[in-house]
Amino acid sequence: MKYLPFILFTVMTNAAAQLMLKYGMMQLGALSFAGVNPVFKMLQIVFSPWVFLGLTTFVVSMASHLYVLSKVELSFAYPFLSLAYVAVAVFAYFVFREDLNAYRIAGIALICVGTVLIAQSGRHAGEDDGALSNQTLHSQRSMIQ
């Protein structure tokens, strides 16, 4: 649980990146590759300000996630990324006026419940300092070989 702030940072930067990418693509308008070199068009998309910022934010999110993975079990950390779906849906509703109907709200509730259950399981994982123990790494390497 002591790495939960880093996990939530990963989730929020992931969600922020999605929102920036969406905004960037809205700024570009409908895409058409007709009569345009596809490589040039892709570079134009990637280097448009909001898309580039979104991609950069994804890199920050991934770096944070790699740090988290070095400290906690994958089966504990990875499911938290589903909270990015929740954040994106809520922010998209307020920022882009996207639909947030009963089915989506029910799905969001299920994601939240599942994430809480996973978080509770982390309390009993017995993290000493949060790092993977040498014994665990040794046994994992033995299984691979």
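Would the range 93-102 turn up any residue that is closer than 18 Å to residue 4 by Cβ, assigned to a helix (DSSP H, G or I) and not hydroxyl-bearing (Ser, Thr, Tyr)?
Taking every residue of the range 93-102 in turn, none turns out to be closer than 18 Å to residue 4 by Cβ, assigned to a helix (DSSP H, G or I) and not hydroxyl-bearing (Ser, Thr, Tyr).
What are the residues in the range 11-68 that are among the β-branched types (Val, Ile, Thr) and part of a loop (DSSP other than H, G, I, E, B), if any?
Result: 36, single match.
Matching residues to (1) under 20 Å from residue 15 (Cβ atoms); (2) surrounded by 11 or more Cβ atoms within 10 Å (Cβ to Cβ); (3) modelled with pLDDT under 90:
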residue	(1), (2), (3)
34	no, no, yes
44	no, yes, no
49	yes, yes, no
65	yes, yes, no
87	yes, yes, no
128	no, no, yes
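Would the range 12-27 turn up any residue that is exposed (fewer than 15 other Cβ atoms within 10 Å of the Cβ) and more than 21 Å from residue 111 (Cα to Cα)?
Within the range 12-27, one or more residues are exposed (fewer than 15 other Cβ atoms within 10 Å of the Cβ) and more than 21 Å from residue 111 (Cα to Cα).
Please find, among 79, 38, 49, the residue that is touching a residue at least 24 places away in the same chain (Cβ under 8 Å), out of contact with any strand residue (DSSP E or B) (no Cβ under 6 Å at 6 or more places or on another chain) and farther than 30 Å from residue 2 by Cβ.
On inspection, the qualifying residue turns out to be 49.
Quick one: residue 38 ticks every box in (1) modelled with pLDDT of 95 or more; (2) surrounded by fewer than 15 Cβ atoms within 10 Å (Cβ to Cβ); (3) not acidic (Asp, Glu) except a single one, so which number is it?
Residue 38 satisfies all of (1) modelled with pLDDT of 95 or more; (2) surrounded by fewer than 15 Cβ atoms within 10 Å (Cβ to Cβ); (3) not acidic (Asp, Glu) except (1).
The values are calculated or read from the model by the stated rules, or taken from the named source; none is laboratory data. If you're wondering where the values come from, they're calculated on a predicted model, not measured in any experiment. Reconstructed Cβ throughout: ideal geometry from the backbone, glycine too, with neighbour counts over all protein chains shown.
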